[in-house]
Amino acid sequence: MRRRAPRPIGEAVEALQRSLAPATLLAEVQRAWPGAVGPLIAREAEPVFERGGTVTVACSSATWANELALMAPAMIEQLNGAIGRPAVRKLRCVTGTRGGRGGR
């Protein structure tokens with residue numbers, strides 16, 4: 001029997017990450033967020049809560065919260081495309097603490 005070559009570490013880490021991630025809509029949105037909204041928005045805002053298809057996004061400032069609220073329909077479409085199903089129905093953009101890093 002021939003031994004296969006080792007697989008790249010990135011593949012192994014991704015597989016482990018997928019197996020450890022919670023199976024919730026919030027977790028799916030958090031994984032898809034940077035790719036769906038782009039690096040600039042991802043640096044200024046992040047999804048922090050979900051209930052019934054409404055995703056709360058904590059923004060670094062009131063200005064960002066307002067801008068993202070205006071962009072919400074397009075962002076919802078991008079997120080749903082990234083996760084492969086129409087699960088996100090609404091984005092609620094707020095100013096507040098982001099992921100334990102504190103507000104900006």
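The single residue among V55, V29 that is within 9 Å of the chain's Cα centre (by Cα), surrounded by 19 or more Cβ atoms within 10 Å (Cβ to Cβ) and β-branched (V, I, T) turns out to be V29. The set of residues in the range 38-85 being of a type outside the set (A, V, I, L, M), free of Cβ contacts under 8 Å to residues at least 24 places away in the same chain and within 21 Å of A27 (Cβ to Cβ) consists of G38, P39, R43, P47, F49, R51, E77, N80, G84, R85. Here C93 passes the criteria (1) buried (at least 17 other Cβ atoms within 10 Å of the Cβ); (2) under 13 Å from the mean Cα position of the chain (by Cα); (3) hydrophobic (A, V, I, L, M, F, W, C) except the one numbered (2).
All of the numbers you see were taken from the coordinates with simple rules; none came from a lab. These numbers were taken from a predicted model, which means no experiment stands behind them. Here the Cβ is made from the backbone with ideal geometry for all residues, glycine too, and neighbour counts use every protein chain on show.
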